[in-house]
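Take a look at the structure set out below.
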Amino acid sequence: MTAQSTANKQSSALISQQPEQIDLLALFGTLMDRKWFIVVVTFLFTVAGISYALFSTPIYKANALIQVEETKAGVPGLEDMAGLFEGTSEAVTEIELLKSRNVIGEAVDNLKLYIEAEPKLFPVIGGRSFRKFTPEHKNELAEPTFGTGSFAWGGESLDVFRFEVPKGYLGKEFTLVTGTNNTVSLINPDGEEVLSGKVGTELKRGYYELTVRTLNARTGTEFSLTRHNRLTTILNLQKTIAVSEKGKKSGILSLSFEDKSPEYAKAVLNEVANIYVRQNVERNSAEAQKSLEFLQVQLPETKKSLEVAEQKLNKYQVNQKSVNISLETQSVLEQLVELDTKLQELNLKRLEVSRKFKRTHPVYQGVLNQIAEVEKQKADLKAKVTNLPETQQELLRLTRDVEVNNKIYLFLLEKTQELDIVRAGTIGNVRIIDTADVDTTEPVKPKKALVVVVATLLGGFLAIAIVLIQKAIHRGIENPDEIEELGLPVYASIPDSKEQHLLDVRDSKKTKNNKHPLLAIENPADLAIEALRSLRTSIHFAMMEAKNNIIAISGPAPSVGKSFVSSNFGAILAQAGQKVLVIDGDMRKGHLVRYFQVKGHKGLSEIITNQVSIEDAIQKTKVEGLDIIARGQVPPNPSELLMHPRFKEMLEKVSKDYDIVLIDTPPILAVTDPSIISAHAGTTLMVGRFGQNTLKEIEVAQERFEKSGIDVKGFILNAVEKKASNSYGYGYGYYNYSYESDKK
């Protein structure tokens with residue numbers, strides 16, 4: 001390794017240690033290079049967004065308002081202190097009650113929401129056609145499109161009253177097919193017909209039950225029918241019904257429910273609201289209702305006891321010839337009646353208290369103490385009765401029974417009427433302010449404009465991300481400065497020639513030999529040829545210190561354009577008046593004969609194997625002063641042939657006979673042939689392709705030459721494309737500076 005190479009390597013290492021900076025202009029240029037890709041991807045996403053906005057099912061929202069009135073209860077005289085303590089809002093409690101399974105479950109049962117019946121629509125466009133159809137008279141149906149009568153196109157409807165399936169088929173889709181004479185057939189997910197019959201009749205077979213209330217569809221139309229699990233339906237409805245309080249502690253609950261059918265959304269929300277209000281009233285009147293039920297049981301028994309007591313009294317008076325009660329007995333009777341009445345009332349109170357409290361509760365014990373006190377007073381009074389005559393005692397007992405039962409009956413009758421009035425007049429602390437309604441002119445989903453904007457932005461961002469990721473992954477060299485940082489001078493940047501591509505296409509149509517026209521002859525003013533002329537000048541000075549006039553041209557990998565550079569560079573040197581010999585040193589895949597259109601059966605391999613002489617192998621080309629030695633037949637051992645002394649002898653001879661000898665060699669990273677050939681050359685050049693070869697490949701190729709003791713003089717960047725990323729950055733080339741002849 002030379003001292004200059006070592007210095008260049010150290011300089012490269014110092015540069016590579018510098019922190020990388022983001023070049024915004026280069027990034028912008030990269031995006032400009034792929035602008036059409038970004039435009040196409042963005043356009044496709046925009047079209048997808050428009051299609052989604054047009055053909056997706058619109059979602060409508062039903063709204064309702066409920067007022068929750070605050071119930072005030074507390075210790076008398078301390079109401080003003082309630083605001084000093086933070087309490088739970090009644091609205092929070094009512095929201096949970098409203099979304100409870102008790103309320104939602106009743107709505108599911110009433111509306112049979114666990115049965116899902118939908119007409120089958122044509123894919124993509126069927127939904128829009130179905131929704132846009134407007135019937136002009138009752139039961140009108142849209143005409144089928146594309147001859148698909150099994151799909152619904154508008155106006156079809158199905159009302160299922162009952163649908164039961166085995167547990168294993170819950171949540172699975174059945175197909176209901178309409179038949180002639182208002183009949184239907186039910187087909188299970190396995191494709192088997194399980195039920196068939198007329199609309200309006202109950203169809204039953206095993207665990208399958210189906211009752212279709214009404215049907216409006218042509219024969220052969222198919223409907224999707226699903227029986228969901230009841231609890232699953234309730235839980236899903238709890239998630240989809242939204243309830244919130246409008247404002248803090250306002251007591252106004254806002255209910256909303258979204259669905260593709262506005263009628264369905266309105267019906268569900270109204271049913272839930274009505275059930276909730278009814279249950280609230282029932283909850284508030286529950287105590288009066290329970291007391292009323294208790295009294296309604298006691299009232300007939302008390303009336304019956306009164307009638308029995310009256311019959312006994314009348315019978316006794318008849319038997320005793322209308323015995324009257326004395327004044328003393330009348331006084332005792334009044335006291336006994338009063339005590340018995342009081343005792344009956346206390347017993348009723350005890351029964352009512354027993355439904356609210358345990359027997360050990362102080363309230364219950366207090367009632368028992370009152371009953372004991374009254375019974376004691378009654379026992380004391382009965383002791384006085386024993387002093388009365390027997391006739392008066394019996395008359396007292398019978399009269400007392402009548403009076404007590406009569407008072408008890410009147411008391412119960414009065415209480416029953418009072419509780420009935422209380423129960424009937426009870427109102428809940430909630431009321432519906434606005435019933436559910438839907439704005440059918442404006443669906444809440446999808447927001448068409450927003451969908452299109454988001455889809456467009458997403459497409460643009462995705463396209464840009466793809467471009468930047470590809471740029472980050474693909475590290476092909478695009479800037480000559482990066483190559484020079486390796487200590488490898490860039491002698492030329494050859495633009496990608498569109499003219500060469502056109503010539504290749506033209507000749508490939510004319511012949512099957514895959515010949516490559518020589519650009520230096522066909523279009524000498526092409527920018528690529530101008531770049532090669534600058535290479536001619538650079539090589540002239542580089543060869544002043546070279547040991548001979550032999551130039552070896554190699555590359556890191558295949559398909560970098562070595563043959564293009566070698567052939568056209570040889571033609572340019574010959575056009576300048578020099579005697580040039582081009583040797584195809586790639587005895588594996590060399591194809592220089594395609595550029596010069598010469599025979600390839602006698603060449604380098606035949607010279608080394610001493611099958612032909614050097615003079616016989618050299619062929620003239622159409623370019624004056626330019627000769628060529630083809631590769632010859634493909635040998636089994638190219639590397640060994642190149643190491644033969646006859647190869648060196650051949651090079652020494654032609655070096656004396658020609659001004660310049662160009663050798664096109666194979667890629668250095670693929671085989672060792674370039675190292676063997678370059679050992680005999682005074683100048684070694686490396687060719688790399690723009691955007692294809694990475695910096696690492698070039699560095700490894702350079703190291704491969706240096707290990708063989710070969711100093712690569714310079715680098716040729718081939719097929720440079722005109723890119724905005726280079727224009728905005730610090731790249732250079734013939735695309736930026738073009739100076740053509742005036743053809744006028």
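The values are calculated or read from the model by the stated rules, or taken from the named source; none is laboratory data. Fair warning: this is a prediction, and the values are worked out from it, not measured in the lab. Cβ atoms come from the backbone with ideal geometry, glycine included; neighbour counts cover every protein chain shown.
Which of the residues belonging to the range 90-111 are crowded, with 16+ Cβ neighbours inside 10 Å and touching a strand residue (DSSP E or B) at 6+ places or on another chain (Cβ under 8 Å)?
Glu90, Ala91, Glu94, Ile95, Leu98, Lys99, listed by residue number.
Is it the case that some residue within the range 106-117 is at pLDDT 85 or above, within 30 Å of Glu245 (Cα to Cα), β-branched (Val, Ile, Thr) and not in a loop (DSSP other than H, G, I, E, B)?
So far as the range 106-117 goes, yes, one or more of its residues are at pLDDT 85 or above, within 30 Å of Glu245 (Cα to Cα), β-branched (Val, Ile, Thr) and not in a loop (DSSP other than H, G, I, E, B).
Residue check: is Thr456 modelled with pLDDT of 85 or more and not in a helix (DSSP H, G or I)?
For Thr456, the condition - modelled with pLDDT of 85 or more and not in a helix (DSSP H, G or I) - is not met.
Across the range 34-53, what is the total count of residues that are buried (at least 17 other Cβ atoms within 10 Å of the Cβ) and aliphatic (A, V, I, L, M)?
Qualifying residue count for the region: 3.
Would you check if Ala267 is touching a Leu at 6+ places or on another chain (Cβ under 7 Å), under 25 Å from Phe174 (Cβ atoms), not in a strand (DSSP E or B) and not hydroxyl-bearing (Ser, Thr, Tyr)?
yes
Residues of the range 573-590 being part of a loop (DSSP other than H, G, I, E, B), of a type in the set (A, V, I, L, M, F, W, C) and buried (at least 23 other Cβ atoms within 10 Å of the Cβ), which ones? Break it down stepwise before answering.
The first filter runs over the range 573-590 and keeps only residues part of a loop (DSSP other than H, G, I, E, B), leaving 576-579, 585-590.
Cutting the leftovers down to of a type in the set (A, V, I, L, M, F, W, C) gives us 576, 587.
Selection gives Met587 alone.
Can you tell me which residues in the range 624-662 are surrounded by fewer than 21 Cβ atoms within 10 Å (Cβ to Cβ) and of a type in the set (Asp, Glu)?
Glu624, Glu640, Glu649, Glu652, Asp657, Asp659
Within the range 592-613, which residues are surrounded by fewer than 20 Cβ atoms within 10 Å (Cβ to Cβ) and farther than 30 Å from Glu522 by Cβ? Quick ask: steps written out before the conclusion?
First, the residues of the range 592-613 that are surrounded by fewer than 20 Cβ atoms within 10 Å (Cβ to Cβ): 594, 597-601, 609-613.
Passing the criteria: Thr609, Asn610, Gln611, Val612, Ser613.
Check the range 188-199 and report whether any residue there is in contact (Cβ under 8 Å) with a residue 12 or more places away in the chain and on the phi > 0 side of the Ramachandran plot.
Residues of the range 188-199 that are in contact (Cβ under 8 Å) with a residue 12 or more places away in the chain, as a first pass: 188-189, 194-199.
Then keep just the ones that are on the phi > 0 side of the Ramachandran plot; that gives 197.
Yes - at least one qualifying residue is present in the range 188-199.
What about Lys342, is it in a helix (DSSP H, G or I) and at pLDDT 75 or above? Walk me through how you get there before you give the answer.
Working: in a helix (DSSP H, G or I): yes; at pLDDT 75 or above: yes.
So Lys342 passes the test.
If I ask for residues that are modelled with pLDDT of 75 or more and surrounded by 16 or more Cβ atoms within 10 Å (Cβ to Cβ), which ones from the range 412-441 would you list?
Val430, Ile432, Ala436, Val438
Of Thr42, Thr57, which residue is touching a Lys or Arg at 6+ places or on another chain (Cβ under 7 Å), of a type outside the set (A, V, I, L, M), over 30 Å from Gln279 (Cα atoms) and at pLDDT 85 or above?
Being touching a Lys or Arg at 6+ places or on another chain (Cβ under 7 Å), of a type outside the set (A, V, I, L, M), over 30 Å from Gln279 (Cα atoms) and at pLDDT 85 or above holds for just one of Thr42, Thr57, which is Thr57.
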